[in-house]
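Notes follow once the structure below has been shown.
Each reported figure results from applying straightforward, stated rules to the coordinates on display, with no laboratory input. In this text the structure is predicted, and so the values were computed from the model without any measurement. Ideal geometry is used to build each Cβ from the backbone, glycine not excepted, and the neighbour counts take in all protein chains shown.
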Amino acid sequence: MEAAASAVKNVFGADTLIEATEEIGSGYFGSVYRLELTKTAKGATTTTKIDTNSVVVKVLEGKKSTGFIEKLNDASVTESWSKFANEHWLPSLYACEEAAYVTLAKWAVSQTPKLIGASLRSDHKPATFVMEDLTGIGGVVDPDHYRPEQVSALIKFLAEVHVKSIASDAWKDRMPQSLQLHLAEFYSYLTKMHPIEGVIALGPGFEKAKSFVKFLDPKSFSDAMFCVDEDENLPRVFVHGDFFPDNTLWDPSDAGKLVGVVDWQFAHVGSCMEDLARILVSSNDHDALTPTKIDYWLQCYLTEVLRLQPAFPMTLDQLRRALNRKLPFMIMEYALNIVQDLKRVTSEGEKQKYLRIGRERFIALERIAASV
């Protein structure tokens, strides 16, 4: 919280009073705080409040991921992770997120928070982002799964961003190359944090995970995300790269109305199908990855893109092949997440829902893996 308060005062001035601080989220790479602020003006004898508002501050410190590494009880791994995270990974995430917010602001994408101020890591202080507070107009509905109406809203969001992506190439020069350089190494640590044995232990239907461990290979995962050796002539677009449900905010009175997409630290130049693959895998619709349903969502995407840009160079067949190349990696990533999600779920009915969706994903994986 100290880093969040310091970041706010750097942006708004030392005379800004912080009335309240609340931690509203904690992820692998950072903590998020909501701060109530009061700006004051000092007179000869009195201090007058002139403005009251709130902001969200994201502090990139990597506490949660470090916690998973420490549980391995391997001092050499902990030491190497700490060095990698501090020297390469966290600075890379900061650079990607800052470039993303600059790009989104230039494009005037309305469903993203405005970046007010940012500061790099220095003097052992973590990097921070001070952003517009969207918590008053929206929130996370389900941290692990999307509803069908939310998938539909996100497809419209993706179409808007992708069409803006191909209007000019200038934004590509702004995006750092560091994420591509370090993603494979990070993923090698991720598979240590969440070994495949945890997925297999989930029971019937999950024993197949061992057969698909190649889709957890760090280099293969990185190559798939950055379209290495991809043979489709599809445009490279602006990718969020971390489109899990807890990174989206929804109108409390209408769970299908998107009001915010946050956490852009994995933003990069990539395939127009990467974000959609992660969204479909995270759907609460157990048959979301059947051929019929996949074609339905692809047609929704293509229809929206062509509405915005009739000359967009792609066909349904091209999209299907590109999506199928991404889905196996996303399904295995989802399987690793289920192990952690089930630790948070208390209702037996909810646990069974998670397991049912997971088993359906592996059925889809068998079919898709045979075609790529």
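Worth a mention:
- Rounded to the nearest 500, the 222 nm mean residue ellipticity of the chain from helices alone is -15500 deg cm²/dmol, with -39,500 (n - 2.57) taken per DSSP H run of at least 4 residues.
- Share of Cα-Cα pairs in the chain lying beyond 39 Å, as whole percent: 16 percent
- Across region 106-256, C-alpha contacts under 8 Å between residues 6 or more apart give a mean separation that, scaled by the residue count, equals a relative contact order of 35 percent.
- Once the convex hull of all Cα atoms in region 99-211 is built, its volume per residue stands at 209 Å³.
- Long-range Cα-Cα pairs in region 1-133 (distance over 25 Å), rounded percent: 36 percent
- C-alpha long axis of helix 75-84 to longest principal axis of the chain, angle in °: 70 degrees
- Using the alpha-carbon positions of region 210-349, Rg (one decimal) and Dmax (whole number) come out as 15.9, 49 Å.
- At full extension, Lys9 and Ser211 could sit 67.5 nm farther apart than now, given 0.36 nm per residue minus the alpha carbon distance.
- Mean separation of Cα contacts under 8 Å (6+ apart) over length of region 1-133, as relative contact order %: 25 percent
- The relative contact order of the chain, computed from alpha carbon pairs under 8 Å that lie at least 6 residues apart in sequence, is 17 percent.
- Charge dipole of region 142-198 about the Cα centre (unit charges at C-beta), most positive-ward option of Leu183, Pro148, Ala170: Ala170
- Compared with the dominant Cα axis of the chain, that is its longest principal axis, helix 291-308 is turned about 50°.
- Mean Cβ count within 10 Å, highest first, over the residues of peptides 345-355, 193-203, 90-100, 148-158: 90-100, 148-158, 193-203, 345-355
- C-alpha long axis of helix 90-107 to longest principal axis of the chain, angle in °: 90 degrees
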